[in-house]
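Trainee: Once you've had a glance at the structure underneath, I'll fire off some questions.
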Amino acid sequence: MAHSLMQRVGGKDQVIAGLMLSPTVLAAIFFIYAFILWTVWLSLTRSTILPSNHFIGLANYHDLFGSSRWWRSLSNLGIFGGLYVAISMAIGLLLAILLDQRIRGERLFQVVFLYPMAISAVVTGVAWRWLLDPNFGVQAIVRSLGFTHFQFAWIDDPNFAIYTVVIAAVWQTSGFMMAIFLAGLRGISPDIVKAARIDGAGTLRIYRRVILPNLAPTFFVAFILSAGLAIKAFGLIIALTGGGPGYSTNVPTIFMYVFSFERGEMGVGAASALIMLAIMMVVVVPFVILDARRKV
Amino acid sequence: MKQPAKRALALAILGFAALAAEPALADQTSLSVINWWTAGSEAKAMNVLVQMMKAQGVNIKNDAIAGGGGAQARTILKTRLMEGETPGAAQIKGVEIQQWGHTGLLANVDAAAKAGDWDKNIPTEIDNYMKYKGNYVAAPMDLHRLNWLWYNRAVLAKAGIKTPPKDWDELIADLAKVQAKGMIPMAGGGNGWMIATEFDPIALETGGPEWYRDVFVKLDAKAINSPTMVKALERLRQIEKYTPKSLAGRTWNYDTGLVAHGQAAFQIMGDWANGQFEFLGVTPGGPKVGCVAFPGTANDFIYNVDSFIFFRQHSAAGREATIKLAETMTSPKFQLLFNKYKGSIPDLMNVSLTGYNPCQLKSRAQFLTASKEHNLVPSFSQNMSTYGPPTGAFIDSLDQFYTSNESPQAAAAAMTKRVEVAKSQD
């Protein structure tokens, strides 16, 4: 019996592999999918300070989308996510191209650029809070140099505070983007480049027509990773602005935390968590499908 | 499996079983108390509670979880409950106590209330929060007053102000005088909680206790969307103009420091600022820093009461320990010590406040007169007037108004709408 099972699934190695993986698979099913289902259920109930099973349909979603704080969170995610993904990828690509010129001390630069990624989001947030603070940071320093009318107080301005989050997040992950793009650049065969050069293409043209198109899978990875980081961002914003001034730098993660745990509106919090999941899927799924098609 | 390996495995399993069993044995007379009093004097006072309970043979585990406002502590409390690990007591206050009462998890501590004669010694207004369906399920620890204006005497003197302001116009005139001298008139702003805490006395001053209760307790749409609210919001806007913008993101105790060190003239804050001033080495009501009832609210008292709810224990020893804990928390000895450090006053009206600072003595006197004249109101900003969602709706609206160019009329309308939505979530 055991023997035939082994044969059916393809030998002893596969059974062992299956057995070794099964705890992970079970844990994933339980801790990820079961909890997603539970969150779906919670979002349809009148859960306040504790989970409850009182079914109320879609009322929580109605309240969620009637809340201007939620709309602000969504638009902030759009501003922050869009700028952060675009800028960190652009800077990462630029740094990678510069580093790819076989320069001296390449290793040192790699370490220096990657270092911010090794610092926790909270430390990054606190450090940037002081840097951006008009009384101690950039504004104070420039003013002390004699430019007494220099203004840079974005962090205190509800309309601009979200951009300070972009600055800090870009600073933290551009080096990581650089590492991804550098790996992609190194994966392109030098022969193709040489061939293009023999055909008489200039450096700019080689990058535009040969190297960048070959980097498409790398762009895909960098996009998925940075979009994921943007949607999940929480610690950095809490440490940098605390979600303020007011709630002007709230994003869905902060909204979810505040409503689930501080406000005692767990149902609304669960609904917002599911909208976040949906956003994540909207961003990621088309790329995954595209990628799968390419491989087939 | 070979014999020695089997034996080792059996031993290991036994070992784990023994490890798992041990805490259960030790837990019988120990209670965990979840709170967010991690800072200086508050932590010290909690340690006194631990010592006092130890003397009665009860081992208290002081589960102090950092994070003002208690969001983290509440998250941990919920996690523990979902894991089936019931704590002894948790720091929960105001209307939320009723929500916890609905869960059926709370212990009845009527025995402690009877022993301490809470009905007689603790004012009815406070007592009512502690009861769920007629039984005591919680015990109060302190009594805070919110409608205070703290000021630095030296700064006022420099601006040519002889006496602290008594009404709104005087306050605004004084703020302008301080600003003209190039000093910070009002330390404040920051997050939504701080804005709401400042708005609390402004609203009371503008509309009086009756209107305040209609808005924040009864959540009456007509009272919220009213000219009085518009006027109160206009006044908040006036205060905002005298609050430096760059103080956003700071904490209330930072602001208290500005007043203590003579960098700012005024701060609107509850009397937990007392504790911070003392910590900074300046006694409020002393030669450097003064306290006065927020202009126009001298006869009123906006109160905030911190309390602990008790959870039903499985063992008889646990239940007995819970009663002892509730008794000790409301004992004169503990309340006098705890509140002296915290800047508040004891909930017990039958103890004399020896060694308390002048502001605290004033607080007690004004509580008693306000209570007689029905001028006591529960603080909305401290979650005392209603449950979470409407409180959040008020705070969000004020936050939005304060940090934008929204007109007071639009803000009052938006507030009404938000509160209506939140009301449906009860």
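Trainee: Rounded to a whole number of µm²/s, how large is the Stokes-Einstein D of region B:115-157 at 10 °C and 1.306 mPa s, given Rh as the Kirkwood radius over C-alpha pairs? Write out the running numbers ahead of the final one.
Mentor: Working: Rh = 13.2 Å.
Translational diffusion coefficient: 120 µm²/s.
Trainee: Using 1/(1 + (r/R0)^6) with R0 = 60 angstrom and r between the beta carbons of A:HIS149 and A:ALA27, what's the FRET efficiency to the nearest 0.05? Walk me through the numbers before you get to the answer.
Mentor: Details: r = 59 Å, r/R0 = 0.98.
Calculated transfer efficiency: 0.55.
Trainee: Could you tell me which of A:GLY228, B:GLY67, A:TRP38 has its Cα farthest along the dipole of the protein assembly as shown towards the positive end, charges placed at Cβ (Lys, Arg +1; Asp, Glu -1), taken about the Cα centre?
Mentor: Going by the Cα projections, it comes out as A:GLY228.
Trainee: Under a Cβ-only charge scheme (Lys and Arg +1, Asp and Glu -1), can you give me the dipole magnitude of the protein assembly as shown about the Cα centre, in debye to the nearest 20? Before the final figure, lay out each step's value.
Mentor: Values: 64 positive and 51 negative charges, 434 e Å.
It comes to approximately 2080 debye.
Trainee: Name the residue from A:ILE97, A:TYR84, A:VAL285 whose Cα lies farthest towards the positive end of the charge dipole of region A:67-295, charges +1 on Cβ of Lys and Arg and -1 on Cβ of Asp and Glu.
Mentor: Value: A:ILE97.
Trainee: Would you mind checking which residues have amide H under 5 Å from B:ILE184's amide H? H placed 1.01 Å from N; only 5 or more apart, or other chain.
Mentor: B:ALA265
Trainee: Taking each residue in B:392-404, count the Cβ atoms of any other chain within 10 Å of its Cβ, then average. What number comes out? Please report the intermediate quantities before stating the final value.
Mentor: On the way: counts 9, 3, 0, 3, 9, 2, 1, 9, 7, 1, 3, 10, 5.
Other-chain Cβ atoms within 10 Å of each residue's Cβ, averaged: 5.
Trainee: Mind listing the long-range amide H neighbours of B:LEU106? Cut-off is under 5 Å, sequence gap 5 or more, other chains count too, H placed in the peptide plane at 1.01 Å from N.
Mentor: So B:LEU106 has HN proximity to B:ARG312.
Trainee: What's the magnitude of the charge dipole for chain A around its Cα centre, counting Lys and Arg as +1 and Asp and Glu as -1 at the beta-carbon? Answer in Debye, nearest 20. Write out the running numbers ahead of the final one.
Mentor: On the way: 21 positive and 12 negative charges, 181 e Å.
Result for chain A is approximately 880 debye, rounded to the nearest 20.
Trainee: For the Cα atoms of chain B, what angle does the longest principal axis make with the long axis of helix B:71-82, in degrees from 0 to 90, nearest 10?
Mentor: The angle comes out near 30 degrees.
Trainee: What is the calculated FRET efficiency for B:HIS261 to B:ASN128, with r their C-beta to C-beta distance and R₀ = 35 Å, to the nearest 0.05? It would help to have the intermediate numbers written out before the result.
Mentor: Working: r = 40 Å, r/R0 = 1.16.
Using R0 = 35 Å, I get an efficiency of 0.30.
Trainee: Also, quick follow-up: Would you work out the relative contact order for chain A, in percent, from Cα pairs under 8 angstrom that are 6 or more residues apart?
Mentor: Values: 334 pairs, mean separation 85.3, N = 296.
After rounding, I find 29 percent.
Trainee: Here is a further query. Taking every pair of alpha-carbon atoms in region A:164-296, what share in percent sits in each 5 Å bin, from 0 to the bin with the longest distance?
Mentor: Calculated over all Cα pairs of region A:164-296, the distribution is 2, 9, 14, 14, 15, 13, 10, 8, 6, 4, 3, 2, 1, 0 percent.
Trainee: Just how far, in whole angstrom, is region A:102-179 from region B:281-321 if you go by their alpha carbon centroids?
Mentor: After rounding, the separation between the Cα centres reads 41 Å.
Trainee: Moving to a separate point now. For peptide B:259-268, how many partner chain Cβ atoms fall within 10 Å of a residue's Cβ, on average? Walk me through the intermediate numbers first.
Mentor: Working: counts 0, 0, 0, 0, 0, 0, 0, 0, 0, 0.
Mean number of neighbouring Cβ atoms from other chains: 0.
Trainee: How large is log10 I(q)/I(0) at q = 0.05, 0.10, 0.11, 0.13 Å⁻¹ when the Debye formula is applied to the Cα atoms of chain B, each weighted equally and without solvent?
Mentor: Result of the Debye calculation: -0.20, -0.71, -0.84, -1.13.
Trainee: Roughly how crowded by other chains is peptide A:237-245, in terms of the mean Cβ count from those chains within 10 Å of each of its Cβ atoms?
Mentor: On the way: counts 0, 0, 0, 1, 3, 7, 4, 9, 12.
Whole-number average of other-chain Cβ neighbours for A:237-245 is 4.
Trainee: Another question about this same structure. At 15 angstrom or more along the helix axis (alpha-carbon based) and mean Kyte-Doolittle of -1.0 or higher, what helices does chain A contain? Whole DSSP H runs only. Spell out each step's value before the answer.
Mentor: Details: long enough: A:12-28 (24 Å, 1.01); A:68-99 (45 Å, 1.32); A:106-118 (18 Å, 0.84); A:121-132 (16 Å, 1.37); A:161-186 (38 Å, 1.50); A:216-232 (24 Å, 1.71); A:266-295 (42 Å, 1.66).
Helices meeting the criterion: A:12-28, A:68-99, A:106-118, A:121-132, A:161-186, A:216-232, A:266-295.
Trainee: For the pair B:ALA157 and A:PHE55, how long in nm is the line joining their label points, each one 7 Å along Cα→Cβ?
Mentor: For B:ALA157 paired with A:PHE55, the spin-label model returns 7.2 nm.
Trainee: Give me the number: length gained by fully extending A:PHE35 to A:LEU98, i.e. 0.36 nm times residue separation minus the C-alpha to C-alpha distance, one decimal in nm.
Mentor: Numbers: separation 63, 0.36 × 63 = 22.68 nm, distance 4.47 nm.
Roughly 18.2 nm would be gained on extension.
Trainee: Another question, then. With the crude spin-label approximation of a point 7 Å out along Cα→Cβ, what separation in nm comes out for B:ASN299 versus A:TRP130?
Mentor: Rounded to a tenth, the inter-label distance reads 5.2 nm.
Trainee: Once amide H atoms are placed 1.01 Å from N in the peptide plane, what residues at a sequence separation of 5 or more from B:TRP36, or on another chain, have their amide H within under 5 Å of its amide H?
Mentor: Those lying under 5 Å, H to H, from B:TRP36 are B:ILE65.
Trainee: Which angle from 0 to 90°, rounded to the nearest 10, does the C-alpha axis of helix B:316-329 make with the longest principal axis of chain B?
Mentor: For B:316-329 against chain B, the angle is about 20 degrees.
Trainee: Rounded to the nearest 0.05, what FRET efficiency do A:ALA201 and B:ALA173 have when you use their Cβ-Cβ distance and R0 = 51 Å?
Mentor: My answer for the efficiency is 0.10.
Trainee: Among the DSSP beta bridges whose two residues both lie in the protein assembly as shown, what percent are antiparallel, rounded to the nearest 5? Working shown, then result.
Mentor: Numbers: 21 of 36 bridges.
Percentage antiparallel, nearest 5: 60.
Trainee: Answer rounded, prolate or oblate for region A:67-295, using the Cα gyration tensor with square roots of eigenvalues a ≥ b ≥ c: rounded when a/c is under 1.5, else prolate when a/b is larger than b/c, else oblate.
Mentor: Working: a/c = 2.64, a/b = 1.39, b/c = 1.90.
Here region A:67-295 falls in the oblate category.
Read the figures in this text as sums done on the coordinates, not as results from a lab. Here the structure is a predicted model, which means the values were calculated and not measured. Glycine also receives a Cβ, built like all others from the backbone with ideal geometry; neighbour counts cover every protein chain displayed.
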